[in-house]
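Chemist: Right, I'll just put the structure down here and ask away after.
The values are calculated or read from the model by the stated rules, or taken from the named source; none is laboratory data. Source: prediction; values computed, not measured. Cβ sites come from the backbone with ideal geometry, for glycine too, and all protein chains shown count toward neighbours.
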């Protein structure tokens, strides 16, 4: 398991405690401190069971890369530092993954305790369990540090080589909604990251797997279209950019 923490002192204890109290105990827990300036490093130092990695503030992608490179388990679960797991989460997910021999296991979550079933158009990494061999087949260092679209890029690349993806129907993960969160709302930075992410994927899989590229661009477009953003002009510009990568589809109804 990999937890990325940046100035997460207000939430980190709850997150780590929920993981360490799991009914399934055969796991390693790696926490990467991405250059925090609050008490995050001090909190991590209090947990002997946690493998702690510290780095300067390089962003989520580089922190994930460090954590994944250090991981030795059979499966990978990524948990945001302000979220937590229900006590039986790892038991449910491991049993499902082992029984189905899945490369990727998708699952639902509790959104501030409100059940949210898994939806294929949600590309958040924390809604998935990945076979470690699959993850380590990706050149993580090649992925650009686009703070708001990294989950999109990683999921698209991992789906390329996944032989079997299944859904574990349940709510093992509890998501915290914070308005100040990096991924909340739509901004010029997100639009720039979105463009970088799509151009990167186009170069990686556009020629060899054009249908897979279109599928993931469509997922990103639906995500943008479904949210009520305050920057309406920027949202329209983003949707127009994404539609330009779906030349065979006419009108917003197909997004």
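Chemist: Among 63, 70, which is the only one that is closer than 21 Å to residue 144 by Cα, in contact (Cβ under 8 Å) with a residue 24 or more places away in the chain, surrounded by 20 or more Cβ atoms within 10 Å (Cβ to Cβ) and out of contact with any helix residue (DSSP H, G or I) (no Cβ under 9 Å at 6 or more places or on another chain)? It would help to see each step written out before you state the result.
Modeler: On the way: 70 fails: surrounded by 20 or more Cβ atoms within 10 Å (Cβ to Cβ).
None of the other options fit; the residue is 63.
Chemist: Would you check if residue 100 is surrounded by 14 or more Cβ atoms within 10 Å (Cβ to Cβ) and under 22 Å from residue 174 (Cα atoms)? Break it down into steps so the answer makes sense when it comes.
Modeler: Working: surrounded by 14 or more Cβ atoms within 10 Å (Cβ to Cβ): yes; under 22 Å from residue 174 (Cα atoms): no.
No; evaluated as a whole, the condition is false for this residue.
Chemist: Of all the helices (runs of 4 or more DSSP H) wholly in region 158-255, which have at least 1 residues that are closer than 27 Å to residue 131 by Cα and at pLDDT 90 or above? Step through it out loud before you land on a result.
Modeler: Working: elements: 188-205, 210-226, 232-243.
Result: 188-205, 210-226.
Chemist: Quick test of your reading of the structure: residue 133 fulfils all but one of (1) touching a strand residue (DSSP E or B) at 6+ places or on another chain (Cβ under 9 Å); (2) more than 18 Å from residue 3 (Cα to Cα). Name the failing condition by number.
Modeler: Of (1) touching a strand residue (DSSP E or B) at 6+ places or on another chain (Cβ under 9 Å); (2) more than 18 Å from residue 3 (Cα to Cα), only one is false for residue 133: (1).
Chemist: Out of (1) surrounded by 14 or more Cβ atoms within 10 Å (Cβ to Cβ); (2) under 21 Å from residue 174 (Cβ atoms), what's the single condition that is false for residue 25?
Modeler: Unmet condition: (1).
Chemist: Could we say that residue 49 is over 22 Å from residue 138 (Cα atoms), in contact with a helix residue (DSSP H, G or I) (Cβ under 7 Å, 6 or more places away or on another chain) and surrounded by 19 or more Cβ atoms within 10 Å (Cβ to Cβ) here? Break it down stepwise before answering.
Modeler: On the way: over 22 Å from residue 138 (Cα atoms): yes; in contact with a helix residue (DSSP H, G or I) (Cβ under 7 Å, 6 or more places away or on another chain): yes; surrounded by 19 or more Cβ atoms within 10 Å (Cβ to Cβ): no.
So residue 49 does not fit the description; no.
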